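Just so it is clear, none of the values below were taken in a lab; they were calculated from the coordinates. Bear in mind that the values here come from a model prediction, so they are computed numbers and not experimental data. Positions of Cβ are backbone-derived with ideal geometry, glycine not excepted, and every protein chain shown enters the neighbour counts.
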Amino acid sequence: MADGNYKHHLNKKALNDSNYGKCMYCESKVTHIDFGDVEHIKPKAAGLFPELEFAWENLGFACAVCNTTKSNKYFNEAPFVNPYEEDPAEHLYVFGALLFTKNGSERGEITIKEIGLNRSGLIEQRAAKIRAIATAVDACHRIKSPHLRKAALDALMDEGGPDKEFSAVVAAQLRASGVDADDPAVAA
Ligand SMILES: [Zn+2]
């Protein structure tokens with residue numbers, strides 16, 4: 001922790017870099033529209049976890065909307081899913097433009113509901129991404145040359161990489177459309 005100050009620009013940059021400039025909760029790319037917020041996973045305010053104000057493991061990088069919506073909420077019996085420490089796929093899954101709770105996970109449900117991960121603005125953006133991916137998949141399959149088709153599918157697979165916006169949504173869409181790393185046309 002540089003200077004014991006979580007707002008120090010090096011801390012924000014490190015957090016930003018560690019999540020590719022994406023919000024840890026909604027996977028929006030933050031840094032091209034906003035500086036992003038340093039998120040206290042366990043809230044520092046309201047006398048809750050003041051001792052964790054500067055604790056590196058309690059800091060994340062979030063968009064202003066998620067950070068504001070989450071505010072000082074914290075549920076000891078069902079903490080928010082922390083993508084820095086665990087695989088969100090154990091608690092949530094993507095279907096189309098929506099997130100759903102997996103296996104009845106209370107933590108997944110609280111994370112979706114209390115941070116607003118199915119808010120209308122996100123659904124619109126995810127849906128636009130899904131339509132773009134579907135169009136691109138069709139275009140790839142229409143390429144006659146197997147070599148060029150594979151190159152195009154490879155490039156499309158990259159869109160589901162961890163550095164990309166809404167990568168969980170894109171990866172799910174690619175799998176649903178039959179394009180994934182196990183596809184011989186891609187893996188070869
Ligand atoms: Zn967000």
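Each Lys or Arg adds one and each Asp or Glu subtracts one; over the other residues with Cβ under 12 Å from the Cβ of Pro50, this totals 0.
Converting phi to 3J(HN,Hα) with the Karplus coefficients 6.51, -1.76 and 1.60 and the offset θ = phi - 60°, the range 123-130 yields 4, 4, 5, 5, 5, 5, 5, 4 Hz in sequence order, with x at every glycine or proline. Within the range 98-188, the trypsin sites (Lys or Arg not before Pro) that combine a DSSP coil assignment with at most 12 other C-beta atoms in a 10 angstrom radius are Arg142, Lys144.
Using only DSSP helix segments of four residues or longer, with each worth -39500 (n - 2.57), what per-residue ellipticity at 222 nm results for the chain after dividing by its residue count and rounding to 500?
Numbers: 7 runs with 76 residues, N = 188.
Rounded to the nearest 500, the figure is -12000 deg cm²/dmol.
For Gly160, no residue whose modelled amide H falls within less than 5 Å of its own remains once neighbours fewer than 5 places apart on the same chain are excluded.
Convex hull volume of the C-alpha atoms in the range 122-187, normalised per residue: 69 Å³.
Report the local net charge at Pro88: Lys and Arg +1, Asp and Glu -1, summed over other residues whose C-beta lies under 12 Å from its C-beta.
For residues surrounding Pro88, the net value is -3.
Amide H to amide H, with H built 1.01 Å from N, Leu92 comes under 5 Å of Lys102, counting only residues 5 or more places away or on other chains. Close amide-amide hydrogen proximity is noted between Val30 and Lys22, Cys23, each under 5 Å apart and 5 or more residues distant or on a separate chain (H modeled in the peptide plane; Pro and chain starts excluded). Taking every alpha-carbon pair under 8 Å whose residues sit at least 6 apart, the chain reaches a relative contact order of 18 percent.
Note on Leu48/Ala128: beta-carbon distance plugged into 1/(1 + (r/R0)^6) with R0 of 22 Å gives a FRET efficiency of 0.05. For the listed residue pairs Lys42/Lys129; Lys29/Lys144; Lys22/Lys73; Lys13/Lys150; Lys29/Lys102; Lys44/Lys129, the alpha carbons are over 28 angstrom apart in Lys42/Lys129; Lys29/Lys144; Lys13/Lys150; Lys44/Lys129. Here the chain is scanned for GluC sites (Glu not before Pro) in DSSP loops (not H, G, I, E, B) that have at most 10 other Cβ atoms within 10 Å, and the longest stretch holding none of them is 86-188.
The mean sequence separation of alpha-carbon pairs under 8 Å and at least six residues apart, normalised by the residue count of the range 85-188, gives a relative contact order of 23 percent.
On a per residue basis, the convex hull of the C-alpha atoms belonging to the chain measures out at 124 Å³.
Compute the Rg/Rh shape ratio of the range 38-130: radius of gyration over Kirkwood radius, all on alpha-carbon atoms.
On the Cα set of the range 38-130, Rg over Rh gives 0.98.
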